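Okay, structure first, notes after.
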Amino acid sequence: MTKCDACNQPWSFFKVLQRLFMMKAAMDCPHCDEKQYIKKDWKRIVVPILILLIVPILLFTVEMSVNVFLLIFSLAALTAFLYMFFTLRLSSVEDWNQN
Ligand SMILES: [Zn+2]
């Protein structure tokens, strides 16, 4: 489960959800009010996984009917979402722009 990098307290389901879909760089921890950022290491792992998941789907779409495509696409999206949800790592320091 996703934990705060500062106080090590686990975040609630909705808080993690909010963190995943919020565009703002920093989000306050509900336990210690410390600003939390999404870890860059995490982004580095998740982005290739998302690509690996989407590319094979796109390759096979030619022979698929729309219904099958939508079904597989939703399953892939759900898998990607669950993966992101359970692996999300937080950091007290903003390391996004240091490429
Ligand atoms: Zn905290």
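Descriptive notes on the structure:
- Cα-projected label distance for Lys3 with Cys32, points at 7 Å along beta-carbon direction, nm: 1.1
- Two-site label geometry, Ser92 and Phe21: point separation in nm, points 7 Å out along Cα→Cβ: 3.0
- Amide H contacts under 5 Å for Gln36, placed H, 5+ residues apart: Met27, Asp28, Cys29
- Cα Rg, Dmax, the chain, angstrom units: 16.2, 52
Bear in mind that the values in this text are calculations on the coordinates, not laboratory data. These numbers were taken from a predicted model, which means no experiment stands behind them. Here the Cβ is made from the backbone with ideal geometry for all residues, glycine too, and neighbour counts use every protein chain on show.
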